[in-house]
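One structure below.
Just so you know, all these numbers are worked out from the coordinates, no wet-lab data involved. Quick caveat: nothing in here was measured; it's all calculated off a predicted structure. A quick note on method: Cβ atoms are made from the backbone with ideal geometry, for glycine too, and the neighbour counts reach across all protein chains shown.
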Amino acid sequence: MSKWKRKKAPKGYDYIKPVIDALEAELKERMNEPHEGLRKNEALWPVHQINWQKSRYVYDMHYKHQKISKELYDWCCKQKIVDAPLAAKWKKPGYERLCSTYNINTRNFNQGTTSICRVPRQSLAQGQTVEDQLTGCRGCASGKSEYGICC
């Protein structure tokens with residue numbers, strides 16, 4: 001948990017708390033690692049990846065597995081445990097595995113396009129590797145993935 005005081009959690013938070021705490025501890029650990037030799041954006045990749053993991057875990061617990069209530073899911077969004085705009089995009093077809101809302105904003109890229117990680121693998125040249133500069137995503141276009149998760 002963060003150092004900020006949070007309102008009392010709704011019933012069922014104890015179910016997801018160990019995973020959330022473990023991901024936050026991993027984030028702290030990854031941020032304290034030395035960043036020498038990394039590009040400026042590369043140092044932030046763990047932040048994006050762990051944010052995605054936390055958000056996806058809570059999203060799946062509510063929408064896919066129905067293990068937590070809507071009240072708890074909304075509370076997690078309000079407390080910023082879950083990236084609410086990102087989770088909202090996951091509900092739409094074609095965005096089921098989106099890594100970051102930054103990557104679909106056309107104002108962030110040249111020629112009004114989206115990030116290279118949004119290009120489906122079958123549309124890329126054989127053997128071409130993809131890695132988004134900001135998030136480190138290796139391909140979050142919906143469809144079959146060789147990595148299991150997008151980031």
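Descriptive notes on the structure:
- Residue tally, condition of a type in the set (Ser, Thr, Tyr) and closer than 15 Å to Ser100 by Cα, over segment 114-130: 2
- Cβ-Cβ under 6 Å pairs, at least 6 apart or on other chains, segment 7-33 side at positive phi, far side surrounded by 12 or more Cβ atoms within 10 Å (Cβ to Cβ) and among the polar types (S, T, N, Q): Gly12/Ser69
- Residue match in segment 91-110 (condition: in contact with a His (Cβ under 8 Å, 6 or more places away or on another chain) and in contact (Cβ under 8 Å) with a residue 12 or more places away in the chain): yes
- Residue match in segment 121-135 (condition: assigned to a helix (DSSP H, G or I) and surrounded by fewer than 14 Cβ atoms within 10 Å (Cβ to Cβ)): yes
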